[in-house]
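Here the structure comes first, spelled out in structure tokens, and everything after it is commentary.
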Amino acid sequence: MTDVAAIPSTVSTTPPRSLMAATWRQFRAHRGGFAGLIVFVAILLIVFIGPLIHSVDPNKIDIRAKNQGPSLLHPFGTDNLGHDMLAQVMAGGRISLAVGITAMLLALFLGTLVGVTSGYFRRLDGPLMRLTDLFLALPLLPLLLVIIMLFRDTLRSYFGPETGIFILIVFVIGVTSWMHTARIVRGDVLAVKRLEFVMAAKSSGMREYRIILKHILPNVMSSIMVSATLGIASAIITESALSFLGLGFPSDFPTWGRLLFDGASFLQITPSRVLWPGLAISLTVLSVNYLGDAVRDALDPRMLKS
């Protein structure tokens, strides 16, 4: 009789890695993405927690302290009206990030809706993709300027100067930024809907909307998350460009782009007025772009297998 104890065991004692742990390990291996995460979290802490430490009113006017350089009382200096620039940069960061995240969510919703519908329903693929091509062919910046000039005063009268322009800018950026997400999601849906488990779900009589929600969307979520991270950076740059052109928020409602617009005229007197908001925009966009690259690599199945 063969001794059972003498038979070498071939069962691995290594505990299986969870998908979340493997994804996190792959994300940490991307040095640029991990550094981008640290920088982005630091920016969030500064703009949201910073006012609790540096509790200066960003709209407080102190003419006697105008155009000052960095000091202990005003670490980023002051502007021509005596506003504390650190307080203004933190307040502008909250608005710019709110615009970027909200506009990204709107663009993500529209892009995912169009992409899933176009990829899953073949009869709608042609019209929706031609609509996407039409939006891609439109000149973005002139279109934004025309829409803002047409509807800015109307929304201001209904919702107030700050809320009205916030709604308008978020809407304009969102409805002009969904096209790339739609193309990416459509390509993934076309590949996923031919897989065996989707075909089995169709054969079992499952309704179309349940197939989309249960089988299609979870398998294209990685592409949606990558588009989300990159969409924040794009929305912040667009808002900053509009504010720099004087078509964004009013001067008493600071954003990073508005601070650049107001400080451009005083560049030779107080160059720090342009330096700090420009640096904030650059660091935020750069960190989010690196973060998006790391998320893309971490969610790549080929990378997870390695």
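Before moving on, here are some points about what is shown:
- Compared with the dominant Cα axis of the chain, that is its longest principal axis, helix 122-137 is turned about 30°.
- Cα centroid separation - the range 141-161 against the range 37-62, whole Å: 29
- Take the Cβ atoms of Leu145 and Glu208, set R0 to 45 Å, and the FRET efficiency comes out at 0.65.
- Full extension of the segment from Asn80 to Leu105, taken as 0.36 nm per residue of separation minus the current Cα-Cα distance, would add 5.4 nm.
- Structural descriptor for the range 181-306: relative contact order 23 percent, calculated from alpha carbon pairs under 8 angstrom and at least 6 residues apart.
- Other residues lying with their Cβ under 14 Å from the Cβ of Ala91 contribute a combined charge of -3, Lys and Arg counting +1, Asp and Glu -1.
- The chain pair-distance distribution - Cα-Cα, 10 Å bins, rounded %: 6, 21, 26, 22, 13, 7, 3, 2, 1, 0
- Computed over the range 211-262, the P(r) curve from all C-alpha pair distances, binned at 5 Å from the origin, holds 5, 20, 18, 11, 10, 9, 8, 9, 7, 3, 0 percent per bin.
- Counting every pair of alpha carbons in the range 161-306, the share spaced more than 21 Å apart comes to 59 percent.
- Stokes-Einstein D for the range 68-115, Kirkwood Rh over Cα pairs, 4 °C, 1.567 mPa s (µm²/s): 101
- q = 0.10, 0.12, 0.18, 0.19 Å⁻¹: log10 I(q)/I(0) that the Debye formula gives for the range 76-214, counting C-alpha atoms only: -0.52, -0.67, -1.04, -1.10
- Nonlocal amide H pairs with Leu81, under 5 Å, H built at 1.01 Å: Asn67
- Computed magnitude of the charge dipole of the chain (debye, nearest 20; Cβ of K, R +1, Cβ of D, E -1): 900
- For the pair Ser265 and Ser282 in one chain, pulling the backbone fully straight at 0.36 nm per residue adds 4.1 nm over the alpha carbon distance.
- Over all distinct Cα-Cα pairs of the range 178-252, the Kirkwood formula returns a hydrodynamic radius of 14.9 Å.
Quick note: the coordinates plus some simple rules give every number you see, no bench work behind them. Quantities reported herein were computed from a predicted structural model and do not represent experimental measurements. Because the Cβ atoms are built from the backbone with ideal geometry, glycine has one as well, and the counts that use them run over all protein chains shown.
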